[in-house]
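The values are calculated or read from the model by the stated rules, or taken from the named source; none is laboratory data. For clarity, every value in this text was computed on a predicted model and none was experimentally measured. So basically every Cβ, Gly included, is an ideal-geometry build from the backbone, and we count neighbours across all protein chains shown.
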Amino acid sequence: MYAPNAPPPPATEEFKMMRYGIDIKNEPVSMKEHVAAEDTSSVRLTSKYGQVYQCTFPNAVDQEKLKEEAEKVAMETGIPDLLKPMESSPCLRKTKDWWSYEFCYGKYIKQFHLAEDGRIEGEVVLLGYFESDYSYDGDSSQVEN
């Protein structure tokens, strides 16, 4: 039944935010060892040919706890330690509209225009040189050299 003045279907934005994935194991999985009757994160399905499948869904609470723990470790680690792997990494390039930018950790940031063939065209603008590490502990008067 169609009602022209009815509200739109509920939660259509929610469907756009959901991410799904499928993981097919190489080894057979015994359903008895993984599915308990009270386990609501698993569902058994049967195909029209009688093949039984077990679909499992990640526990949202556990996923959120893992995310919070990773964020806590990141906060405790400190910004300089998080950026340390970039010291030996190649420079990063990003093109946005006309301009391209090159960021070399611990060295400089440049701005320039890339021609269609990928070569730098025109002047290169140096946006900044690395001088010293900033102290992220809240005391802006301290700088590490």
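Evaluating Met86 against the criteria (1) in contact (Cβ under 8 Å) with a residue 12 or more places away in the chain; (2) not in a helix (DSSP H, G or I) leaves one unmet condition, (2).
So which residues in segment 55-67 are surrounded by 10 or more Cβ atoms within 10 Å (Cβ to Cβ) and either of a type in the set (D, E, K, R) or part of a helix (DSSP H, G or I) (or both), if there are any at all?
Filtering segment 55-67 for residues surrounded by 10 or more Cβ atoms within 10 Å (Cβ to Cβ) gives 55-59, 62-67.
Passing the criteria: Asp62, Gln63, Glu64, Lys65, Leu66, Lys67.
For Asp139, the conditions (1) surrounded by 12 or more Cβ atoms within 10 Å (Cβ to Cβ); (2) more than 30 Å from the chain's Cα centre (by Cα); (3) modelled with pLDDT under 90 all hold with the exception of (1). Residue-level check: of (1) at pLDDT 80 or above; (2) among the hydrophobic types (A, V, I, L, M, F, W, C); (3) touching a strand residue (DSSP E or B) at 6+ places or on another chain (Cβ under 6 Å), Val43 misses just (1).
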